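The values are calculated or read from the model by the stated rules, or taken from the named source; none is laboratory data. This is a predicted model, so every value here is computed, not measured. Neighbour counts are summed over all protein chains in view; Cβ atoms, including those assigned to glycine, are modelled from backbone coordinates with ideal geometry. With ligands, DNA and RNA removed, areas are computed over all heavy atoms of the protein, side chains included. Shrake-Rupley method; radii C 1.70, N 1.55, O 1.52, S 1.80 Å.
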Amino acid sequence: MGGKVTYFEKFIMRGGVAGLISLVVDRMAFYGYKRRYYQKSFMQYGENVRWGKHALRLCIPSSVRISNPQRISIGNNCQFDEYVYLQSHHEGEGLFLGNGVRINAFTHIQSFSRVVIGDFVLVAPFCHINSGNHGTEDAEVPIMHQRYKKAGEISIGRGVWMGRNSQVLGGVQLGKNCIVAAGAVVTKSFPEHTTIGGVPANVISDKRD
């Protein structure tokens with residue numbers, strides 16, 4: 001018959017009876033109490049936020065790690081795969097995710113300076129976004145014991161695609177619909193519609209031309 005496969009059908013096809021039971025338990029827990037809990041715990045928690053393998057769960061799975069949710073804002077229709085780590089420093093400026101953001105497995109987003117991820121940003125597996133740095137001022141003190149510090153606000157524009165294993169560091173602004181090649185390390189800002197890659201990242205192509 002064709003047509004779009006529903007989340008319910010995905011559970012049945014992939015998990016059989018056990019998948020159906022898991023679906024029912026997930027929904028009961030979410031609508032029973034976790035929805036209200038998330039809305040109170042996070043700065044903002046949008047509608048239809050999905051988690052885990054194939055984004056089938058409404059409840060946050062144990063494989064996902066969240067630090068200081070009171071400084072994290074999540075928009076509507078976002079999807080987070082397994083083993084994602086959303087980390088906002090308790091003294092930081094917050095992590096803000098727009099609508100329709102998709103974060104794939106093993107990605108770590110670390111916010112000390114403000115991090116803003118625009119609508120419909122796609123982040124591939126094993127990416128890293130980090131707006132903080134370890135202090136290094138005192139040569140006599142181990143770096144791990146020095147005070148963590150802000151590295152500058154990060155802004156990732158609407159529709160950006162970050163390729164697998166890419167990194168965006170503090171102070172970077174990416175314009176809308178940028179493409180970050182796999183393995184790139186982005187240390188400076190780039191305008192919209194550019195494709196960037198390398199270590200450190202530079203322009204590969206520019207659709208504005």
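Below is a table of values for the structure above.
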item: Given (1) under 23 Å from Lys188 (Cβ atoms); (2) surrounded by fewer than 17 Cβ atoms within 10 Å (Cβ to Cβ); (3) out of contact with any strand residue (DSSP E or B) (no Cβ under 6 Å at 6 or more places or on another chain); (4) not aliphatic (A, V, I, L, M), index of the condition Pro142 fails; result: (1)
item: Checking Ile109 against (1) open to solvent by less than 10 Å² (accessible area, probe 1.4 Å); (2) in contact with a Lys or Arg (Cβ under 8 Å, 6 or more places away or on another chain); (3) aliphatic (A, V, I, L, M); (4) under 30 Å from Pro61 (Cβ atoms), the condition it does not meet; result: (2)
item: Selected residue (only one of Leu122, Leu97 is within 10 Å of the chain's Cα centre (by Cα), open to solvent by 50 Å² or more (accessible area, probe 1.4 Å) and not polar (S, T, N, Q)); result: Leu122
item: Identity of the residue in region 60-78, out of contact with any strand residue (DSSP E or B) (no Cβ under 7 Å at 6 or more places or on another chain) and under 21 Å from Gly100 (Cβ atoms), that ends up most open to solvent (accessible area, probe 1.4 Å); result: Asn77
item: Subset tally (residues that are surrounded by fewer than 16 Cβ atoms within 10 Å (Cβ to Cβ) and among the β-branched types (Val, Ile, Thr)) for region 168-192; result: 1
item: Candidates Arg102, Arg114, filtered to the one that is of a type in the set (Lys, Arg), surrounded by fewer than 23 Cβ atoms within 10 Å (Cβ to Cβ) and within 12 Å of Lys150 (Cβ to Cβ); result: Arg114
